[in-house]
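The next block holds one structure in the form of structure tokens; read it before the comments.
The values are calculated or read from the model by the stated rules, or taken from the named source; none is laboratory data. All figures in this text were calculated on a predicted structure; none of them were measured in a lab. Cβ atoms come from the backbone with ideal geometry, glycine included; neighbour counts cover every protein chain shown.
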Amino acid sequence: MADFRKAGLDRGDIRAELKNFLLSIRIRREEYRNIIDELEPDELEFDLREYEEYFEREIKPLYEKAHSIGVKSLIDLAEEVKSVYEDLLGMIREKLSYGKQGK
């Protein structure tokens, strides 16, 4: 199992980085599910921007690198990381959309 505490120490080992990102984002998604109803729209918007920027800066390059290497196990892992990340982003967008409709 990947150790999220070592995320920065695995630079250059794409498999380890992807595993650490996957573990980290799974934990964050579950934590977020537990608190999302308590967050104000401005907090949700801030988090959404932060997560989108982080995805572009950290996850997307790794995702693209996994695809360029062409190893199926790396691609599958990259796809899973992207999927969990998109799930988190979608959860925030849905909550923001629901909040705007309720006003």
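A few comments on the model shown:
- All of Y98, Y32, Y63, Y85 fail the test of being among the hydroxyl-bearing types (S, T, Y), in a helix (DSSP H, G or I) and exposed (fewer than 13 other Cβ atoms within 10 Å of the Cβ), apart from Y98.
- Residue within segment 48-58 that is surrounded by 11 or more Cβ atoms within 10 Å (Cβ to Cβ), aliphatic (A, V, I, L, M) and at pLDDT 95 or above present: yes
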